[in-house]
Amino acid sequence: MAEPIDKKILKTFVPADALKAENFQELASKTFLEPVAAGKTIFKEGDHDKKAIYVVEGQVEILSSPKDSD
């Protein structure tokens, strides 16, 4: 279950750290923590999304999909 992010944590990320107060508050109201299980795919190469993902705790492995050699 997603939960609101602590504003102190959010303030450590770029570009949130440079926003004006009112813009920061708007961003904070739309930002949440979403736990992700180990091994779960967050997104795939070529995916398009309008949201940003920050790693607050843990690690992410980035893999390139193999290219077809026809």
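The values are calculated or read from the model by the stated rules, or taken from the named source; none is laboratory data. Owing to the predicted nature of the structure, the values given are computational and were not obtained by experimental measurement. Reconstructed Cβ throughout: ideal geometry from the backbone, glycine too, with neighbour counts over all protein chains shown. Remember, those area values only see protein heavy atoms, side chains included, never the ligands or the DNA or RNA. Shrake-Rupley method; radii C 1.70, N 1.55, O 1.52, S 1.80 Å.
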message: Can you classify segment 1-42 as rounded, prolate or oblate using the Cα gyration tensor, where a ≥ b ≥ c are the square roots of its eigenvalues, rounded means a/c under 1.5, and otherwise it's prolate if a/b beats b/c and oblate if not?
response: prolate
field: For segment 1-65: lysine pairs under 25 Å (alpha-carbon distance), excluding those fewer than 8 apart on one chain
entry: 21
message: For a quick check of your reading of the filter: which GluC sites (Glu not before Pro) in the chain sit in a DSSP loop and have no more than 14 other Cβ atoms within 10 Å?
response: E45, E57, E61
query: Under the definition of Cα pairs under 8 Å and six or more residues apart, what whole-number percent is the relative contact order of the chain?
result: 33 percent
task: Take the solvent-accessible surface of the protein heavy atoms, probe 1.4 Å, and return the percent of it on the chain that carbon and sulfur atoms account for.
output: 55 percent
query: In segment 11-70, what chymotrypsin sites (Phe, Trp or Tyr not before Pro) fall in a loop by DSSP, with at most 16 other Cβ atoms inside 10 Å?
result: F13, F43, Y54
- prompt: Rounded to the nearest whole Å², what accessible area per residue is found for the chain with the 1.4 Å probe?
  reply: 96 Å²
message: Starting from the 7 Å offset along Cα-to-Cβ, what nm value, one decimal, do you get for the label separation of A38 and I9?
response: 1.9 nm
